[in-house]
Amino acid sequence: MIYLLNTNVICAGTAKRPDPSVLTWMEAHAEECCLSCVSLGEIWKGIHLMPESKRKQALSRWATEIEDDFADRTIDLDTAVLKAWGKLYPTKVAKGFNMGILGSLLAATALVHDLTVATRNTSDFPSEVKTLNPWEV
């Protein structure tokens, strides 16, 4: 199984008190994990919103390392993903499913590439998207 890491999973290691079970899961499945360019954008947005500090500098270095580590396993938004998103997003929103744009882009990426989204927020994803919560494994 190949996992698409949601931003909350990839950032779990930067928490003041990282959950050891999540870190263990990530280490055990490192070669089976990939990222979306959407998650990288979320990470950089968060860093750029921080005031200048040592923490911001450390997180900038960490984000660059993540980019390097996942360089050959980062999935870009392409026509197939955006077509799937164009169908998925309005359909779910019209049915009352509270789905954000970034999460729905991850969902479309997972559907197109037959990936399982690793996330703490499994209920944020529609039922047709396979999910796994590393905090509960």
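Given only helices, namely DSSP H runs of n ≥ 4 each adding -39500 (n - 2.57), what is the per-residue ellipticity at 222 nm of the chain, to the nearest 500 deg cm²/dmol?
-16000 deg cm²/dmol
Near the amide H of SER36, under 5 Å away, which other amide H atoms are found, from residues 5 or more places off or on another chain, if H is placed in the peptide plane?
When sequence neighbours closer than 5 places are left aside, the close amide H contacts are LEU5, ILE75.
Starting from the Cα-Cα distance between SER60 and LYS87, subtract it from 0.36 nm times their residue separation and give me the gain in nm to one decimal.
Gain in length upon complete extension: 6.2 nm.
Please report the relative contact order for the chain, taking Cα pairs under 8 Å with a sequence separation of at least 6, and give it as a percent rounded to a whole number. Please list the in-between numbers first.
On the way: 165 pairs, mean separation 42.8, N = 137.
Result for the chain is 31 percent.
Given the Cα-Cα distance of ASN98 and CYS37 and 0.36 nm per residue of separation, how much length would full extension add, in nm?
19.8 nm
Average the reciprocal distances over every distinct pair of alpha-carbons in segment 3-132, invert the result, and give the Kirkwood radius in Å.
15.4 Å
Give LYS95/LYS130; LYS92/LYS130; LYS16/LYS130; LYS16/LYS95; LYS56/LYS130 a once-over and call out the pairs whose C-alpha atoms are over 26 Å from each other.
Pairs exceeding 26 Å: LYS16/LYS130; LYS16/LYS95; LYS56/LYS130.
Are there GluC sites (Glu not before Pro) in segment 45-82 that DSSP marks as loop and that have at most 11 other Cβ atoms within 10 Å, and which are they?
Numbers: sites: GLU52, GLU65, GLU67; in loops: GLU52.
Sites meeting the loop and neighbour criteria: GLU52.
Out of ALA108, ALA58, ALA15, any idea which swings most in a Gaussian network model of the chain, alpha carbons joined below 10 Å?
ALA15
Return the FRET efficiency for the residue pair ARG17, THR122: r is the Cβ-Cβ distance, R0 is 25 Å, and the value is rounded to the nearest 0.05.
0.70
Read-outs: derived from the displayed coordinates by stated rules, not from any lab. This structure is a prediction, so every number in the text was calculated from the model and none was measured. Backbone-built Cβ (ideal geometry, glycine too); neighbour counts: all protein chains shown.
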